[in-house]
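The values are calculated or read from the model by the stated rules, or taken from the named source; none is laboratory data. Please read all numbers here as calculations on a predicted model, not as lab measurements. All Cβ positions, even for glycine, are placed from backbone atoms using ideal geometry, and neighbour counts span all protein chains on display.
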């Protein structure tokens, strides 16, 4: 079977919501032992993924928040977070879950034990086939960048982490958002949401006609607004802050997994970072590939535009401007970086 080949960026080395949310700590909050969190000369790259798993979710929560479908055990969200070497900028690049990847021969499927030949697949299935280690290697191959640390957040951990923000996190919309798949039902304006409704919001991709690109924008906005809410009683309370970070991190082992102490260390490095020094984008995409048997519809990255984005991160420079990348064949998928300050709810 022939399939489109996805070429990785040909350059030297490219929160979750919560890591960005930890970006502003009180100076006295870092009461942890020294850690091994690296400080690379060209900046730190953290891969944050959101897992579609229902482990630990109660039957009542599944019904209330429309979580009763079959879990794909894959990554619904992937964000590559770049922290500048000077700790004065953060760039967040989302990788759409349906991006076409080419998995190499010789890796063993963690579910079946089968050793696979080379085959095409959506990027979100890297975790399903090989867990965190294979996910990290896949992202490194596709971006040309090293992944220094990794954080994965499943449904249970996401809801519990958001519930540690007293009063919830604001989400906002200029028009009604209603998604029968996730149960999301928002009126125009701003509303604070707790864990379960927050999960409905960041999972929704049928409410605004923008497919996965709209969902990515919701996820990025949720990152910034979580950061803003943490200023109200969490950042100046070391015990609450440590509990927040520990809930976010969880206890699962993962390839290059960031520790709770390392989250606090990184947060301390970024404690004075304002939202306008954070930038969010989706990797440039060209359009949809022809359907592939056994894989379905996939997204093709814009090879030149993606290489320019990852080259900037490799060089520890800000993202390219929107006009520097050709428009996508999918209008809603056109590359448009956004400042964090522009995503804050009124």
How about region 245-256: which of its residues are within 18 Å of the chain's Cα centre (by Cα) and either modelled with pLDDT of 95 or more or in a helix (DSSP H, G or I) (or both)? 245, 247, 248, 249
Total residues in region 113-133, condition more than 15 Å from the chain's Cα centre (by Cα) and in a loop (DSSP other than H, G, I, E, B): 5
Residues that are within 30 Å of residue 314 (Cα to Cα): list the strands (runs of 3 or more DSSP E) wholly contained in region 134-241 that include at least 1 such residues. 149-153
Being buried (at least 19 other Cβ atoms within 10 Å of the Cβ) and within 21 Å of the chain's Cα centre (by Cα) narrows it down to one of 164, 205, so name that one. 205
Keeping to region 310-330, report how many residues are in a helix (DSSP H, G or I) and either at pLDDT below 95 or touching a strand residue (DSSP E or B) at 6+ places or on another chain (Cβ under 6 Å) (or both). 2
Would you mind telling me which numbered condition in (1) part of a loop (DSSP other than H, G, I, E, B); (2) under 17 Å from the mean Cα position of the chain (by Cα) residue 110 fails? (2)
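If I filter region 286-297 for residues that are in a helix (DSSP H, G or I) and either over 17 Å from the mean Cα position of the chain (by Cα) or surrounded by fewer than 22 Cβ atoms within 10 Å (Cβ to Cβ) (or both), do I get at least one hit?
Restricting attention to region 286-297, the residues satisfying the condition of being in a helix (DSSP H, G or I) are none.
Within region 286-297, not a single residue is in a helix (DSSP H, G or I) and either over 17 Å from the mean Cα position of the chain (by Cα) or surrounded by fewer than 22 Cβ atoms within 10 Å (Cβ to Cβ) (or both).
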Looking at (1) under 29 Å from residue 207 (Cβ atoms); (2) touching a helix residue (DSSP H, G or I) at 6+ places or on another chain (Cβ under 6 Å), can you tell me which one residue 338 breaks? (2)
If you scan region 272-285, which residues turn out to be surrounded by 19 or more Cβ atoms within 10 Å (Cβ to Cβ) and at pLDDT below 95? 273, 275
For region 326-346, give me each residue that is surrounded by 13 or more Cβ atoms within 10 Å (Cβ to Cβ) and more than 22 Å from the chain's Cα centre (by Cα). 326, 327, 329
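Checking the conditions here, which among 306, 267 is under 29 Å from residue 122 (Cβ atoms), under 19 Å from the mean Cα position of the chain (by Cα) and surrounded by 20 or more Cβ atoms within 10 Å (Cβ to Cβ)?
306
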Condition check: crowded, with 19+ Cβ neighbours inside 10 Å, modelled with pLDDT of 90 or more and touching a strand residue (DSSP E or B) at 6+ places or on another chain (Cβ under 8 Å). Does residue 57 satisfy that? no
